[in-house]
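Asks: Before we start, here is the structure in question, set down as structure tokens.
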Amino acid sequence: MKHDPQLAVEMRHIVKRFPGVVANDRVTFSARKGEVHALLGENGAGKSTLMNILSGLYHPDEGDIYVDGRPVVFHSPRDAIRAGIGMVHQHFMLVPSQSVAENVVLGLREVGLTLNPRRIEAEVQRLGEQYGLPVDPRAKVWQLSVGEQQRVEIVKMLYRGARILILDEPTAVLTPQEAEQLFRTLRAMTAEGKTVIFISHKLDEVLSIADRITVLRGGRTVATVEAAGMTKVELARLMVGREVLFHVEKPPARPRGARLVMRDVRALDDKGIPALRGVSLTVRAGEIVAIAGVAGNGQRELAEVVCGLRPVVAGEIEVDGRPLANASPLEAIRAGVAYIPEDRTGTGTAPNLSVAENLALKGYRVPPIGGRFFLNVATMYAQARELVARFDIATPSVHVPARKLSGGNLQKLILAREVARDPRLIVAAYPTRGLDVGATESVRQLLIRERDAGAAVLLISEDLDEIFMLADRIAVMYEGRIVGEMPAEEADLETVGLLMAGEQGVAHEETGTTTHGA
Ligand SMILES: Nc1ncnc2c1ncn2[C@@H]1O[C@H](COP(=O)(O)OP(=O)(O)OP(=O)(O)O)[C@@H](O)[C@H]1O
Ligand SMILES: [Mg+2]
């Protein structure tokens, strides 16, 4: 085949098998110089696998890769970076105890480069300025927000001379403002002729940033299209092979008594700084209360104090009248609290345990799985198989370690486990983050079903579309306080947006909506 000089990289007939799955089944993919190329597909479609191959992390079983028209074979990410290809992973790979500059040069020492710390810091600074990626080279990685850590990952790749940058769901963990900033950076890179390959489930975003789009389904290439002229509906149809509705059926809520009651709760964040500054909130059985807010305004801490994962400094928390402030996670579980955390691989699952074990993580102390002296293993596997089928979790079997699941399927596993216990209160933090359109739809339906079955749902989300779709009441958090609370049917995007941005004193007196705080 003749080489097209516009192409930066070309992958032909790539096959990658894992035990029990063909993750990539003769995939063909190519990206041009100077373009943003989005890679779309359902959870488990094979996107991360394909890019892990392109970045040298995995070796394909079959197929060829060409960079600038020349065939290449990568044995490690180092080989790929030498060819100008760098990847920022779905789960970051930085060393928390080291500084930004140290992380940027990590692994380069072995290559025999002599490194002058001041020069590195200056170069990190310069790259940051050139591409709009402000980072303090001397800060320790553990001190950085997720968005800042991502910038470090990108700077690290630029420092190594990447001309082709792969980003695996880069905006899943970003605030809308951080995502905007990232897009400006990507534009600055493509303007210089660099290539950006970008995996995302957010179709609006893909349509606005991508030049071309490749869709994978079941490990195969379905289509490569120009972004201009495509619609969300068409993309969704290519991805899942059926119509996807972008709204959910939601009957009016029929709330009952108060289930979760928080009174003037105060708590500190990991750095010891006040994160909850007097939060009072009630969630009734049979309703969904959404916490809207830009990440980092206390939402994580709010979820954690309710789930027994973070002590409170002051205030009361009750579930069905049972005191839970400073309770243990086990006490929270016994009170019927289910938690869908934002951090899926740390708090959410045990990556090295099997799918079945992860599904049983919260049930192993009680019958039918937990016995007096031993676990009822047969029941555990039977239950796991039933949950895998009911929640449509893509996995070769219930015996594989959870870390082998794709990002979206890991999230489904957590949901299955939490909801299977008939929870009284569901605390759901960013429950559809990283999920494909089909899975997002089913998670949203599931939360509504649980509500209608009588559960109280506390939903934490940054996605205002999601909040308006699901919430019966909306509370806005800003700097550790609830700065506004209103029934969803009386809320409008502008009011909520302003409150999220910290604009005070917005009140709808005519509707009786109140705002308080600060
Ligand atoms: N290291 C591995 N070992 C075994 N199976 C794997 C491994 N990595 C991926 N798989 C399997 O390969 C398939 C494709 O996974 P991949 O992570 O590429 O999907 P994805 O398109 O990135 O999905 P998501 O949108 O959920 O991140 C899945 O069935 C997954 O379980
Ligand atoms: Mg993936």
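Asks: State the Cα centre-to-centre distance between the range 65-79 and the range 290-314 in whole Å.
Replies: So the two Cα centres are separated by 45 Å.
Asks: Run a plain Debye calculation on the range 205-293 (Cα atoms as equal point scatterers, no solvent) and give log10 I(q)/I(0) at q = 0.19 Å⁻¹, rounded to two decimals, same order as the q list.
Replies: Treating every Cα as an identical point scatterer, log10 I(q)/I(0) equals -0.87.
Asks: Could you calculate the contour length gain from residue 328 to residue 263, that is, 0.36 nm times the residue separation minus the distance between their Cα atoms, to one decimal place in nm? Let's see the in-between values first.
Replies: Details: separation 65, 0.36 × 65 = 23.40 nm, distance 1.87 nm.
Separation in residues times 0.36 nm, less the Cα-Cα distance, equals 21.5 nm.
Asks: In terms of modelled amide H atoms, which long-range or inter-chain residues lie less than 5 Å from the amide H of residue 227?
Replies: For residue 227, the qualifying residues are 212, 213.
Asks: I'd like the Karplus ³J(HN,Hα) series for the range 486-503: coefficients 6.51, -1.76, 1.60, θ = phi - 60°, whole numbers in Hz, and an x wherever there's a Gly or Pro.
Replies: My calculation for the range 486-503 gives 7, x, 4, 6, 9, 8, 10, 3, 5, 4, 5, x, 5, 4, 4, 7, x, 6 Hz in order.
Asks: Same structure, new question: What longest region of the chain stays clear of GluC sites (Glu not before Pro) that DSSP places outside H, G, I, E and B and that have at most 13 other Cβ atoms within 10 Å? Mind dumping the intermediate values first?
Replies: Values: sites that count: 192, 243, 249.
Longest site-free region, per DSSP loop and neighbour criteria: 250-518.
Asks: A further question follows. Projected onto the charge dipole of the range 7-240 (+1 at Lys/Arg Cβ, -1 at Asp/Glu Cβ, origin at the Cα centre), which of 15, 142, 36 gives the Cα projection farthest towards the positive end?
Replies: The one lying farthest along the dipole's positive direction is 15.
Asks: Starting from the 7 Å offset along Cα-to-Cβ, what nm value, one decimal, do you get for the label separation of residue 97 and residue 361?
Replies: Placing both labels 7 Å beyond Cα along the Cβ direction yields 2.5 nm.
Asks: So which trypsin sites (Lys or Arg not before Pro) in the range 385-477 end up in coil per DSSP with only 16 or fewer other C-beta atoms within 10 Å?
Replies: Details: sites: 385, 390, 403, 404, 412, 417, 421, 424, 433, 444, 449, 451, 473; in loops: 421, 424, 433.
Here the trypsin sites (Lys or Arg not before Pro) that fit, given the DSSP loop and packing criteria, are 421.
Asks: Count neighbours as other Cβ atoms within 10 Å of each site's Cβ, and list the trypsin sites (Lys or Arg not before Pro) in the range 172-226 that are DSSP loop with at most 12 such neighbours.
Replies: When the trypsin sites (Lys or Arg not before Pro) of the range 172-226 are filtered for loop state and at most 12 Cβ neighbours within 10 Å, nothing remains.
Asks: Moving on. Would you please give the residues with an amide H less than 5 Å from that of residue 62, counting only those at least 5 places away or on a separate chain, with H modeled from the backbone geometry?
Replies: 15
Asks: Let me ask you something else. Give the span of the range 7-240's Cα atoms along each principal axis, as three whole-Å numbers ordered largest to smallest.
Replies: Sorted largest first, the three principal extents are 50, 37, 33 Å.
Asks: Additional query: Test of understanding: given the chain, find the longest segment containing no chymotrypsin sites (Phe, Trp or Tyr not before Pro) that are in a DSSP loop and have at most 12 other Cβ atoms within 10 Å.
Replies: Values: sites that count: 373, 374.
Formally, the longest exposed-site-free interval is 1-372.
Asks: Which of 140/202; 47/232; 140/194; 140/271; 250/412; 232/404 have a Cα-Cα distance over 25 Å?
Replies: Working: 140/202 31 Å; 47/232 19 Å; 140/194 29 Å; 140/271 13 Å; 250/412 21 Å; 232/404 29 Å.
Going by Cα-Cα distance, 140/202; 140/194; 232/404 fall outside the 25 Å limit.
Asks: Helix 146-159 versus the longest principal axis of the chain: what is the Cα-based angle in degrees, 0 to 90, to the nearest 10?
Replies: Approximately 10 degrees, to the nearest ten.
Asks: When every alpha-carbon pair in the chain is counted, what percent end up more than 31 Å apart?
Replies: Tail fraction, whole percent: 49.
Asks: Starting at the first residue of the range 63-75, write each ³J(HN,Hα) from the Karplus equation 6.51 cos²θ - 1.76 cosθ + 1.60 with θ = phi - 60°, in whole Hz, x for Gly and Pro.
Replies: x, 10, 10, 10, 10, 6, x, 9, x, 10, 10, 9, 9
Asks: Based on DSSP H runs of at least 4 residues, each adding -39500 (n - 2.57), what is the mean residue ellipticity at 222 nm of the chain after dividing by all its residues, to the nearest 500 deg cm²/dmol?
Replies: Only helices count here, giving -9000 deg cm²/dmol.
Asks: Turning to a different aspect of this structure: Per residue, what volume in Å³ does the Cα convex hull of the range 39-147 take up? Each step should come with its number before you reach the end.
Replies: On the way: hull volume 16.5 nm³, N = 109.
Expressed per residue, the convex hull around the Cα atoms of the range 39-147 is 152 Å³.
Asks: Ordered by residue, what ³J(HN,Hα) values in Hz, to whole numbers, does the range 38-48 give under the Karplus form 6.51 cos²θ - 1.76 cosθ + 1.60, where θ = phi - 60° and Gly and Pro are x?
Replies: 8, 10, 10, x, 5, 4, x, 5, x, 5, 4
Asks: Can I ask one more? Near residue 35, within a Cβ-to-Cβ distance under 10 Å, what is the net charge of the other residues, with Lys and Arg +1 and Asp and Glu -1?
Replies: Summing Lys and Arg as +1 and Asp and Glu as -1 gives +3.
Asks: Same structure, new question: Report, in debye and to the nearest 20, how large the dipole of the chain comes out about its Cα centre when Lys and Arg carry +1 and Asp and Glu carry -1 on their Cβ.
Replies: That gives the chain a dipole magnitude of about 1800 debye.
Asks: Amide H neighbours of residue 292 under 5 Å, at least 5 residues apart or on other chains, H built in the peptide plane: list them.
Replies: For residue 292, the qualifying residues are 475, 476, 477.
Where a number appears in this text, it was derived from the coordinates with a stated rule and is not lab data. For clarity, every value in this text was computed on a predicted model and none was experimentally measured. Every residue, glycine as well, gets a Cβ built from its backbone with ideal geometry; the counts of neighbours run over all protein chains shown.
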